[in-house]
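Colleague: Below is one structure. I have some questions about it.
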Amino acid sequence: MLVLSRKVSEQVLVPQCDLTVTVLDIRGSRVRLGFSAPTGLAVLRKEITQERPAEDVQETEDACMSVRVLLADRDAFLLASCRDRLGQRGATVATATTGLDCIKTLRDFSPDVLVLEAELLWGGGDGVLAVIEEQPELRPSLVILVSYASDRGLLHRVSRFKVDDYQRKPLTATRLVNHISKLIGVRGTKLDMQVVPA
């Protein structure tokens with residue numbers, strides 16, 4: 001039995017399978033949960049969404065993104081959601097689920113933006129950042145580190161590397177894509193993205 005106290009951001013770790021359950025949102029009697037699990041563990045997920053009226057979505061036909069984004073995260077659901085949303089805005093998106101895949105994709109894909117999970121398997125975020133430091137030609141214009149921030153040792157190891165921004169998990173695809181858009185807008189990078197209400 002799993003017991004949650006209905007506090008937003010509360011997390012419960014199931015150590016036997018390295019599964020983390022997080023309270024994402026509470027509205028009345030409805031609680032929205034997020035799950036993070038290793039890639040080898042199958043977690044059945046179902047999103048129930050309410051369609052927004054067209055006027056609430058502030059994207060226009062000419063809103064496009066001429067940017068290459070590499071998403072490196074263990075969460076396959078988050079990767080798929082972000083890839084779809086960024087793709088709808090015209091971005092070219094690649095994904096990686098391990099540190100080794102991330103480094104290979106950095107070499108082959110040459111992204112403008114890297115969204116890197118600190119807890120990435122097979123090399124970790126710190127391992128990827130160490131390779132980027134040794135090989136500056138691999139460094140994207142913008143590096144966004146994402147983490148549950150539960151391992152202070154890991155965050156300390158990552159802190160010695162150049163990271164442009166940090167986002168705490170759990171993340172929704174909308175929040176992450178909007179954040180990427182804002183950061184790129186502030187930096188004046190070759191990107192024209194519209195921010196969609198969360």
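Colleague: Restrict the check to region 68-89 and report whether at least one residue is hydroxyl-bearing (Ser, Thr, Tyr), closer than 14 Å to residue 176 by Cα and in contact (Cβ under 8 Å) with a residue 12 or more places away in the chain.
Modeller: Yes, there is a match, as at least one residue in region 68-89 is hydroxyl-bearing (Ser, Thr, Tyr), closer than 14 Å to residue 176 by Cα and in contact (Cβ under 8 Å) with a residue 12 or more places away in the chain.
Colleague: Which of the residues belonging to region 131-144 are within 14 Å of residue 104 (Cα to Cα) and surrounded by fewer than 19 Cβ atoms within 10 Å (Cβ to Cβ)?
Modeller: Listed by number, the residues that qualify are 131, 135, 137, 138, 139.
Results for (1) in a helix (DSSP H, G or I); (2) more than 15 Å from the chain's Cα centre (by Cα); (3) buried (at least 19 other Cβ atoms within 10 Å of the Cβ); (4) modelled with pLDDT under 95, shown as yes or no for each residue.
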position: 103; (1), (2), (3), (4): yes, yes, yes, no
position: 107; (1), (2), (3), (4): yes, yes, no, no
position: 114; (1), (2), (3), (4): no, no, yes, no
position: 126; (1), (2), (3), (4): yes, yes, yes, yes
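Colleague: Additional query: Of all residues in region 79-100, which are of a type outside the set (D, E, K, R), assigned to a helix (DSSP H, G or I) and either surrounded by fewer than 18 Cβ atoms within 10 Å (Cβ to Cβ) or over 14 Å from the mean Cα position of the chain (by Cα) (or both)?
Modeller: The answer is 80, 87, 88, 99, 100.
Colleague: How many residues, within region 145-154, are outside any loop (DSSP other than H, G, I, E, B) and either surrounded by fewer than 17 Cβ atoms within 10 Å (Cβ to Cβ) or modelled with pLDDT of 95 or more (or both)?
Modeller: So in region 145-154, the residues outside any loop (DSSP other than H, G, I, E, B) come out as 145-147, 152-154.
Then keep just the ones that are either surrounded by fewer than 17 Cβ atoms within 10 Å (Cβ to Cβ) or modelled with pLDDT of 95 or more (or both); that gives 152-153.
Of the residues in that region, 2 qualify.
Colleague: In region 50-66, is there at least one residue being outside any loop (DSSP other than H, G, I, E, B), more than 12 Å from the chain's Cα centre (by Cα), over 20 Å from residue 148 (Cα atoms) and modelled with pLDDT of 70 or more? Outline the logic, then answer.
Modeller: From region 50-66, those outside any loop (DSSP other than H, G, I, E, B) are 54-56; that's our starting set.
When the remaining residues are screened for being more than 12 Å from the chain's Cα centre (by Cα), the result is 54-56.
When the remaining residues are screened for being over 20 Å from residue 148 (Cα atoms), the result is 54-56.
With the extra rule that they be modelled with pLDDT of 70 or more, the set shrinks to none.
No: region 50-66 contains no residue that is outside any loop (DSSP other than H, G, I, E, B), more than 12 Å from the chain's Cα centre (by Cα), over 20 Å from residue 148 (Cα atoms) and modelled with pLDDT of 70 or more.
The values are calculated or read from the model by the stated rules, or taken from the named source; none is laboratory data. Everything quoted here is computed from the prediction, not taken from an experiment. No Cβ is skipped: glycine too gets one built from the backbone with ideal geometry, and neighbour counts run over all protein chains shown.
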